[in-house]
1. Give me the pairs, please: first residue somewhere in the stretch 257-284 and among the aliphatic types (A, V, I, L, M), second residue anywhere and open to solvent by 60 Å² or more (accessible area, probe 1.4 Å), beta-carbon distance under 9 Å, and either six or more positions apart or on two chains.
2. Looking at ALA183, is it open to solvent by 40 Å² or more (accessible area, probe 1.4 Å), modelled with pLDDT under 95 and either in contact with a Leu (Cβ under 6 Å, 6 or more places away or on another chain) or more than 15 Å from the ligand (Cβ to nearest atom) (or both)?
3. Select the strands (runs of 3 or more DSSP E) contained entirely in the stretch 154-254, then report the ones holding at least 1 residues which are under 26 Å from ARG332 (Cα atoms) and touching a Pro at 6+ places or on another chain (Cβ under 6 Å).
4. Being surrounded by fewer than 24 Cβ atoms within 10 Å (Cβ to Cβ) and either within 16 Å of the ligand (Cβ to nearest atom) or of a type in the set (Ser, Thr, Tyr) (or both) is the filter here, so list the residues in the stretch 10-45 that pass it.
5. Cβ contacts < 8 Å: first residue more than 18 Å from GLY64 (Cα to Cα) and among the β-branched types (Val, Ile, Thr), restricted to the stretch 8-35; second residue assigned to a helix (DSSP H, G or I) and open to solvent by 10 Å² or more (accessible area, probe 1.4 Å), any location; separation 6+ or different chain. Result?
6. Which one is surrounded by the most Cβ atoms within 10 Å (Cβ to Cβ), of the residues in the stretch 305-320 that are β-branched (Val, Ile, Thr) and out of contact with any Phe, Trp or Tyr (no Cβ under 8 Å at 6 or more places or on another chain)?
7. If I go through the stretch 308-322 residue by residue, how many of them are touching a residue at least 24 places away in the same chain (Cβ under 8 Å) and either touching a strand residue (DSSP E or B) at 6+ places or on another chain (Cβ under 9 Å) or closer than 21 Å to ILE126 by Cβ (or both)?
Amino acid sequence: MRIGVLTGGGDCPGLNAVIRAVVRKGVAEYGHEFVGFRDGWRGPLEGETVPLGVEQVRGILPRGGTILGTSRTNPYKLDWGPERIQNRMTELGLDALIAIGGEDTLGVARRLYDEGVHVVGVPKTIDNDLAATDYTFGFDTAVNIAMEAIDRLHTTAESHHRALVVEVMGRHAGWIALQAGMAGGANVVLIPERPFDLAAVCDYVERRFRTHYSPIIVVAEGATPKEGTMALAAGELDSFGHVRLGGIGQLLADEVEKRTGKESRAVVLGHVQRGGTPTAFDRVLATRFGLGAIDAVQDGAFGQMVALRGTDIVRVPLSEATAELKTVPLERYAEAEVFFG
Ligand code: F6P
């Protein structure tokens, strides 16, 4: 078979490990050929391809980012977008497509499959918010980067008797904030699933200062204050209709300083969480997803996505994978709350 491969949406440590596993097993065991598409859905839309063979995937296992490039291009927002993709696949003689991406990329993959394209999905997002899989690769790396930052911020916060607000990624789900906050011993963790009460946050900050330690507040970029308690600015939208987030950390630091009288600083980890080499967990998960994806193509299991359930790699319909987001259950948040203040 001739198979196209693309990576779409935000990049994520482990994407190259997936590409490598797909190509290595596809060539060695099944004798397939591959075509790499540049920059997510932009590649098949505009016919931008790169050679993708064993030679191109040598040495990429530990490398962050994606050798194929990525974008947030949405073919369903463009004239004849889906048709252009189908025509391109025919021109290139492709029998199947492997789409590696999050909610948006896999949503496009599902619609293309409904229209007859032979597509298999691989889930990726540092946010870990895809419901059909227990974990996505990239998440463990992001959590470890955030944890290390929190560890470092504790010592500088304490030296200066300051409150430090750490803004981490997490658009709709607070998994990174929750896990990094718990692992790093944060004094407050704020997540999108639970609008926060500014007065309670300030209370935790003051309690922590009374013990002669400095508070660390971890806030997910998608966290919001309870209605009417703090003003937020509206951001731009991308082609999937998502607001560009970022900025809640600084707003929060300003409010905490105003209300408690304690010097407060904000640190935005941003794309640092997505860059660089993946952890061992993410390399192994990404590799297993890649092996599972090429097996799915070989079996003609189109319209499916590989997923982790417990310790097994399984297949789930793309429709199930994109049906709902996996958000933090309130009982998990309650576990973190034990350590607030
Ligand atoms: O979707 C993953 C994610 O990292 C979100 O946590 C974040 O809101 C978004 O991507 C940032 O997107 P961009 O890199 O395009 O600014």
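1. Pairs that qualify, where the first residue is among the aliphatic types (A, V, I, L, M) and the partner is open to solvent by 60 Å² or more (accessible area, probe 1.4 Å), are ALA266/GLN250; ALA266/LEU251; ALA266/ASP254; VAL268/GLN250.
2. On the way: open to solvent by 40 Å² or more (accessible area, probe 1.4 Å): yes; modelled with pLDDT under 95: no; either in contact with a Leu (Cβ under 6 Å, 6 or more places away or on another chain) or more than 15 Å from the ligand (Cβ to nearest atom) (or both): yes.
No; evaluated as a whole, the condition is false for this residue.
3. Numbers: elements: 163-168, 188-190, 216-220.
Filter on the stretch 154-254 gives 163-168, 216-220.
4. Result: GLY10, ASP11, TYR30, ASP39, ARG42.
5. Matching pairs, first to second residue: VAL27/VAL54.
6. First, pick out the residues of the stretch 305-320 that are β-branched (Val, Ile, Thr): 306, 311, 313-314, 316.
Those still in the list that are out of contact with any Phe, Trp or Tyr (no Cβ under 8 Å at 6 or more places or on another chain) too: 311, 314, 316.
Details: THR311: 7, VAL314: 14, VAL316: 18.
Only one residue tops the list, namely VAL316.
7. Going residue by residue through the stretch 308-322, those that are touching a residue at least 24 places away in the same chain (Cβ under 8 Å) are 308-310, 313, 316, 318-322.
Then drop every residue that is not either touching a strand residue (DSSP E or B) at 6+ places or on another chain (Cβ under 9 Å) or closer than 21 Å to ILE126 by Cβ (or both), which leaves 308-309, 313, 316, 318, 320-322.
Number satisfying all stated conditions: 8.
A quick yes/no check of all residues on (1) within 16 Å of the ligand (Cβ to nearest atom); (2) acidic (Asp, Glu); (3) closer than 14 Å to ASP134 by Cβ; (4) loosely packed, with under 15 Cβ neighbours inside 10 Å:
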{"site": "ARG244", "(1), (2), (3), (4)": "yes, no, no, yes"}
{"site": "GLY249", "(1), (2), (3), (4)": "yes, no, no, no"}
{"site": "THR260", "(1), (2), (3), (4)": "no, no, no, no"}
{"site": "PRO278", "(1), (2), (3), (4)": "yes, no, no, no"}
{"site": "THR287", "(1), (2), (3), (4)": "no, no, no, no"}
{"site": "ASP299", "(1), (2), (3), (4)": "no, yes, no, yes"}
{"site": "THR322", "(1), (2), (3), (4)": "yes, no, no, no"}
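The values are calculated or read from the model by the stated rules, or taken from the named source; none is laboratory data. Just so it is clear, the structure is predicted and the values come from calculations on it, not from any experiment. Cβ sites come from the backbone with ideal geometry, for glycine too, and all protein chains shown count toward neighbours. Remember, those area values only see protein heavy atoms, side chains included, never the ligands or the DNA or RNA. Shrake-Rupley method; radii C 1.70, N 1.55, O 1.52, S 1.80 Å.
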